[in-house]
Structures are given as C-alpha cells and as structure tokens.
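> Dropping the structure in here first, questions after.
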Amino acid sequence: MGCLKAIFVRVGCLVVLVAAAVLGFLYRREIWDTYRRFRGEKPVAAAAGFAAPAPRGGARAEDALARLGGRGGPAYVDLTAAEIAALLDRELVRCSNRVFDSVQVALDSDLILVRGQLDLSRLPRDFLGPLAGSFGGREPVEAGGALVAAPGGAVRWKPDRLRIHDFPFPRRVIPVLLRALHVAAPGDSGLALPGIRGVGDVRVTPGWVRLYRLDRP
C-alpha cells in the first residue's frame, strides 16, 4: 500500500509539473510582463508603432547630425523612429552579414525598441545552449533599452531586455548576442549608433529622439 501511495504521489507531481510547463508556455508573455513590472520595467510599448527604415532616412539623419555638429548649428535636432531605424538597419545588417535584418524601431519614453529577423542557424552553436532545439532557422527578435550620450559626443543604445520568438532571455545574454552579431566589442554591453558625434544629451519620447548639441570648452 505504501508503494502504491508513493507512485500516486509521484504521478501527481509529474502532472502538476507538466501542467505548470504548459500554462507557462501559453501565458509566457503575460508572465514576462508581470516579471518586468515587478522589476520596475515598463511593458513593451503597446501604443508605440514600429517603423521600418525610411527611404533616405539615413541620409536625412546624417544631414541633421552634420548641422548639429557644425559651427553655429542648432541646439538640438530631432530624429524619427524611421530615421533611427535607417541608421541601425544599415549598421546592424552590414556588421552581422545579414544574420540580423528587417529592422524596425519604436519609441517610448526613454526607451528604444528594436525588432527584426534573426538567422539563428548562423550564430555560434553554443549561443542558445539547451534551447537550440526550440527554435527554427529564422526567428523574430525584439530588444529594448535606453539611448544615452557617451563620452566624446557619441550615442549608445543599451538594451536590457531581449525576446526571441516570444521567449524572454536574461539580461546577461544580450552582450553575448551583440558580440555574436559582430556589433559590439568584447566586454561591451551596448551598441554605438553609427555616424553620431557631438551629442551632449539624449531625450526619447514616443514621437522623436532629440539629440542635444555637445557644449565644447
């Protein structure tokens, strides 16, 4: 009788574990958003629409940045999500050799959200570890983080959240991904936005990214 009871207990535990795993998978987005709220992070912006790279958006952004850094230039310039997407698309796609493409950008208060398509088959084999069998060759990826002014007038994107096909990854994985894409140096946890210099401060709103001129002595 005791052995039979032990078997029922084990089966019951197994059923509970399987049910928990199924519910966790079905409600993974809600669980992840609850976890982020617990950590003090805002949920991914539902109101902010993602924008694809604008035609000639990179050239317009470069013109605005040239005015900002020129003698007698404006105190600030504003870039749209589509123009930021054009800068990131050109740099990320080029550096990663198209491992990452289809870049889109959304803006929220003090937050830049980037999503695209990631070719997991071309990343190092140990990147996903035991989760490798859970994903296909190409998967949607989304990351978000702050945009900050760096010493010397550069601007860096500091992602602190990462989701691949609705599966959240811990923050420590993000630098590994950036290095695997060849867009960050060893030990670096951020991404320098290409072609941006002479910036003293950054403000991000749902409508635009405002880059303030660096006051030089």
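> Go through (1) out of contact with any strand residue (DSSP E or B) (no Cβ under 9 Å at 6 or more places or on another chain); (2) of a type outside the set (Val, Ile, Thr); (3) part of a loop (DSSP other than H, G, I, E, B); (4) at pLDDT 75 or above for residue 46 and report which single condition fails.
(4)
> Out of the residues in segment 49-66 that are assigned to a loop (DSSP other than H, G, I, E, B) and farther than 15 Å from residue 204 by Cα, which is modelled with the lowest pLDDT?
Among them, the one singled out is 56.
> Are any residues in segment 142-156 hydrophobic (A, V, I, L, M, F, W, C) and either surrounded by fewer than 20 Cβ atoms within 10 Å (Cβ to Cβ) or outside the structural domain of residue 193 (by TED's automatic domain parsing) (or both), and if so, which ones?
Result: 146, 148, 149, 150, 154.
> Still on this model: Mind listing whichever residues of segment 87-106 are out of contact with any helix residue (DSSP H, G or I) (no Cβ under 7 Å at 6 or more places or on another chain) and assigned to a helix (DSSP H, G or I)?
88, 89, 91, 92, 93, 94, 95, 96
> Is one or more of the residues making up segment 74-92 in contact with a Phe, Trp or Tyr (Cβ under 7 Å, 6 or more places away or on another chain) and either modelled with pLDDT under 90 or farther than 22 Å from residue 206 by Cα (or both)?
yes
> Here are 84, 112: which of them is β-branched (Val, Ile, Thr), crowded, with 18+ Cβ neighbours inside 10 Å and part of a strand (DSSP E or B)?
Going through 84, 112 in turn, just one is β-branched (Val, Ile, Thr), crowded, with 18+ Cβ neighbours inside 10 Å and part of a strand (DSSP E or B): 112.
> I would also like to ask the following. Considering only residues of segment 87-109 that are of a type in the set (S, T, N, Q) and under 22 Å from residue 195 (Cβ atoms), which is surrounded by the fewest Cβ atoms within 10 Å (Cβ to Cβ)?
The extreme case among them is 97.
The values are calculated or read from the model by the stated rules, or taken from the named source; none is laboratory data. Quick caveat: nothing in here was measured; it's all calculated off a predicted structure. Heads up, the Cβs are rebuilt from the backbone with ideal geometry, glycines too, and the neighbour counts pull from every protein chain shown.
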